[in-house]
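*Asks:* Quick one: the structure is below, and I'll ask about it shortly.
All of the numbers you see were taken from the coordinates with simple rules; none came from a lab. This is a predicted model, so every value here is computed, not measured. We place every Cβ from the backbone using ideal geometry, glycine too, and count neighbours over all the protein chains shown.
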Amino acid sequence: MPVLGMKRSGFRRSPRSQPPGGWALDGRSPSLGYLRTSGDAAGFGPSVGSFRLTPVPRKAAPGVLWAWSGRSSCSCARPGRCRPISPPRLELSRSGSSTVTQGSRGVRQLAAKGCGVRVPAPFPGRVRNRACALPLGADSGAQAPDYRSILSISDEAARVRALNEHLSTRSYVQGFSLSQADVDAFRQLSGPPADAQLFHVARWFRHVAAILGSPRAPAPPCGLQASRGRRTQPPWSPPAGSEPCQLRLYNSLTRRKDVFVPQDGRRVTWYCCGPTVYDASHMGHARSYISFDILRRVLRDYFKFDVFYCMNITDIDDKIIKRARQNYLFEQYREKQPQAVQLLEDVHAALQPFSAKLRETSDPDKRQMLERLERAVRLAAEPLEEPARRGLAGEELDGRVQVLLEEAKDLLSDWLDSMHGSEVSDNSIFSKLPKFWEAEFHKDMEALNVLPPDVLTRVSEYVPEIVDFVRKIVDNGYGYVSNGSVYFDTVKFANSEGHCYGKLVPEAVGDQKALQEGEGDLSVSAERLSEKRSPSDFALWKASKPGEPSWPCPWGKGRPGWHIECSAMAGTLLGASMDLHGGGFDLRFPHHDNELAQSEAYFENDCWVRYFLHTGHLTIAGCKMSKSLKNFITIKDALKKHSARQLRLAFLTHSWKDALDYSADSMEAALRLEKLLNEFFLNVKDLLRAPVEVAGQFEKWEDKETELNKSFYDKKAAVHEALCDNVDTRAAMEEMRALVGQCNQYMAARKAARRRPSRALLESIARYLTHMLKIFGAIEEESSLGFPVGGPGTSLNLEPTVMPYLQVLSEFREGVRRVAREHRVPEVLQLSDALRDDILPELGVRFEDHEGLPTVVKLVDRDTLLREREEKKRGPSATCVPVTAEFSLAQTPVSSRLPEGSAWPGSTRNPRYPRGNA
């Protein structure tokens, strides 16, 4: 009998030495063999000893296997002997002289009666090296059917018939174990065969289904032994979860919210139209640049995009040229010190064309402004009429002259420009004005905590690039030269394949009033308009007239058109396509539509801008901001009334793309929001300053803590969803406000129960709110928690330095008050109250006394404390609830003010801040 061996990979010839970590059946003679086990061999459990096996001759006892124990005891009737094992079909692979390997296909565990030896048996599977699965006593020359050919049959009916034929030679008894081939074949079946003649497959199917459960199961169940005998891990699948939110931005090119997908991974290229610097920056500028600053911070710091932000300064423009000339001519006129008679003559001469202009004006706001100006000039001129006729002089008359000069400045400047504007030729005159107002603009942006751009471009520095840009547009056939100027051919562009004119506001194409406003006051004369092929064409390059700055170019001396400036500068820095382009709502047409047309004509594409963002209008108390309505508010004037943080909070509670009303009501709401947030931060800081043992910081959570923590994570998810939804800061701030309200209720409830609130939970919430406010730009300086105490615009946070001294003062004051009450000294108590109510607020310090509890010390903005003190003295207003009465935790417990289930002031159900449209 040949030597047979078993190990994990199947059957093999084996030397007489025991293989490590496995078990083997080897023969010493044609009638003698050993079954040895060592370790956890192939998943069959620990070592059970060494057994000597003696096969019985076929003719004596066919199919019976005898075993003799050499080193292990058994429960045989005869000592050291085992009873015979007579399985009906014990299948062992045998091969004459060649090495036979039957792959790891699983096992059938058959307990050897009387000695506990587990004897492996092969089972259906792919057989290598022509191995056979035979009953004892069978001829070893026959070949077993191969599963490989069965599995390769594509037709299921044919595959089932072949499987039935193969299974007709198999026996499936209790204890049958699966091979991988069984599993593969089973998973290819849709169900048990309906044909009664295929009973072998039906019986096999029932056995396999009892183990796997159903056809095409993803994995064997837990505990099923693999082909090598090991127990496998149960199947695992990731949690279903929810689809992650994607950032969507309102795209003016589609007028809907589109999923934001940058062109280059996480890198975002962004160009923003900057100001035309010829006057002071106003709240309309603040509306755009604060809104874009918030968007930029959210994309960079929250969504972690790598934002490259470019902005331009328009320092060559018709408005700048005209204003620079007027200022220059008026200053020259003032320096001549005109006498009263001469001044009156000039004023009357200037009033004639002014009155004619007034009669022709149809715009009601502009007409009202001109009427007011005319009335003011005439009133200022009246006191000079009689003294001038009489030839009087003196200081009083000189004073009246200065008053008239100031009142008639705009009138005289316009008149002087019409008379002598063409005589101004020095280019430095036209650069002095924009340089001054650009510097003022940057100061205003810094005061508003608006981040500076990564790159700032000035038109005056990019004139050569603009000339090249115009030349290529002409070469591409979309521009033409006329009388020294270059115009964009809108008709040819619109009729060209792959191009479209008026992408943003197609309904405005042909609006001559809007087009002429885009060309500028100095470029809408009848002569200039006659140079165009079509009324919709616009200037790429303007031939300079006397009194205008000029630069050399192939078409003669001239200056850039307004629209080409942004295209050339953005194209130079960002190339043929950018991710984002931003500007005010009123720039959509014609400026941005013309930008798109000329840039796509230059690059010969149709995707110069992927997403166009436009901020909403700003109104003043419901009206359009206008000098005629006396509601023209500069940024500097606004900052005199409210801090940059308060202005930003007002902007955060409105959608960046919708109209924003700057009014007393909106700013009062911003003040209440700031008060609510600041009081929460101060209360948490006071809680964290209280001494406590390390272990005491982590107390057992009760239902209140669990509920607050769940609400915390719900609010964070809601904030994330709001920011993904077109960076909806209004909804995000509502969720944050509601979270603060829940924290206040929780702290008030714990305080009423004389229980200490969870420090760790409140600190986590406070840090999250601080982090979000930093992202929004509402916290200017570095602060670990809440608003810094150093004040806006300062880099020093005074709290770590000052608070220890104030804490000592508070403890000393408490001791003095205790002694004064014990000895009944009211004068000392009055001094203590005066320190709290009158002295410390002037220093920005608030002491809050609570019965039976230590005094709470808070560092608050001085102006805020003084305003609170004045409101407290005046009492409740008839029109507005005082900030301290509505939000201060120090005066009344929250639980006594808010019934169970009611909404916190300013929550998502607050009608003052509806979500509105997208």
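*Asks:* In what sequence do Arg161, Arg754, Arg821 fall when counting other Cβ within 10 Å, fewest first?
*Replies:* With the sparsest Cβ surroundings first, the list reads Arg754, Arg821, Arg161.
*Asks:* Also: If all Cα-Cα distances of the stretch 414-475 are sorted into 10 Å bins from 0 onward, what percent lands in each bin, rounded to whole numbers?
*Replies:* Going out from 0 Å in 10 Å bins, the stretch 414-475 shows 15, 29, 31, 23, 3 percent.
*Asks:* Counting other Cβ atoms within 10 Å, which GluC sites (Glu not before Pro) in the stretch 664-733 have at most 16 and lie in a DSSP loop?
*Replies:* Filter output for the stretch 664-733: Glu693, Glu699, Glu702.
*Asks:* Follow-up. For Ser663, which sequence-distant residues (separation of 5 or more, or a different chain) have an amide H within less than 5 Å of its own amide H, given hydrogens modelled in the peptide plane?
*Replies:* Ala621
*Asks:* Here's something else I'd like to know. Where in the stretch 399-433 does the label zone of Ser550 land, with the point 7 angstrom along Cα→C-beta and an amide N cut-off under 20 Å?
*Replies:* 418-432
*Asks:* In nm, to one decimal, how far is the Lys624 label point from the Ile839 one, both placed 7 Å along Cα→Cβ?
*Replies:* About 5.7 nm separates the two model spin labels.
*Asks:* Return the Rg/Rh ratio of the stretch 320-426 with Cα-based radii and a Kirkwood Rh.
*Replies:* With Rg and the Kirkwood Rh in hand, the quotient comes to 0.99.
*Asks:* What ranking do Ser168, Ser544, Ser567 get, fewest neighbouring Cβ atoms within 10 angstrom at the top?
*Replies:* So the ranking, lowest neighbour count to highest, is Ser168, Ser544, Ser567.
*Asks:* While we're on this one: Which of the trypsin sites (Lys or Arg not before Pro) found in the stretch 315-366 are in a DSSP loop and have at most 13 neighbouring Cβ atoms, other than their own, within 10 Å?
*Replies:* Loop-located and lightly packed - Lys336.
*Asks:* On full extension of the chain, what length is gained from Asp363 through Arg533, given 0.36 nm per residue of separation minus the C-alpha to C-alpha distance?
*Replies:* Answer, rounded to one decimal: 58.3 nm.
*Asks:* If neighbour count is taken as other Cβ atoms inside 10 Å, put Cys245, Cys553 in order from fewest to most.
*Replies:* Cys245, Cys553
*Asks:* Note down the magnitude of the dipole of the stretch 320-426 about its Cα centre, charges +1 on Lys and Arg C-beta and -1 on Asp and Glu C-beta and zero elsewhere, to the nearest 20 debye.
*Replies:* Its charge dipole is roughly 280 debye.
*Asks:* Same structure again: From the phi angles alone, apply the Karplus equation (6.51, -1.76, 1.60; θ = phi - 60°) to the stretch 674-687 and give each ³J(HN,Hα) in whole Hz, x where the residue is Gly or Pro.
*Replies:* 4, 4, 4, 5, 5, 5, 4, 4, 5, 5, 5, 4, 5, 5
*Asks:* Could you give the nm distance between label points at Cys607 and Asp863, where each point is 7 Å from its Cα heading toward the beta carbon?
*Replies:* Between Cys607 and Asp863, the label points sit 4.8 nm apart.
*Asks:* Order the peptides 814-820, 294-300, 757-763 from the highest to the lowest mean number of other Cβ atoms within 10 Å of their residues.
*Replies:* Per-residue mean Cβ counts within 10 Å order the peptides as 294-300, 757-763, 814-820.
*Asks:* Now, a different point. Hey, how many Å between the Cα centroid of the stretch 333-385 and the Cα centroid of the stretch 286-321?
*Replies:* That distance is 39 Å.
*Asks:* Give me the distance in nm between label points sitting 7 Å out from Cα along the Cα-to-Cβ direction at Phe436 and Leu831, one decimal.
*Replies:* Output for this residue pair reads 5.7 nm.
*Asks:* With r defined as the distance between the Cβ atoms of Asp468 and Glu406 and R0 fixed at 35 Å, what FRET efficiency is calculated, to the nearest 0.05?
*Replies:* Taking R0 as 35 Å, the efficiency between Asp468 and Glu406 is 0.15.
*Asks:* Given H placed on each backbone N at 1.01 Å, which residues far from His282 in sequence or on other chains put an amide H within less than 5 Å of it?
*Replies:* Ile635
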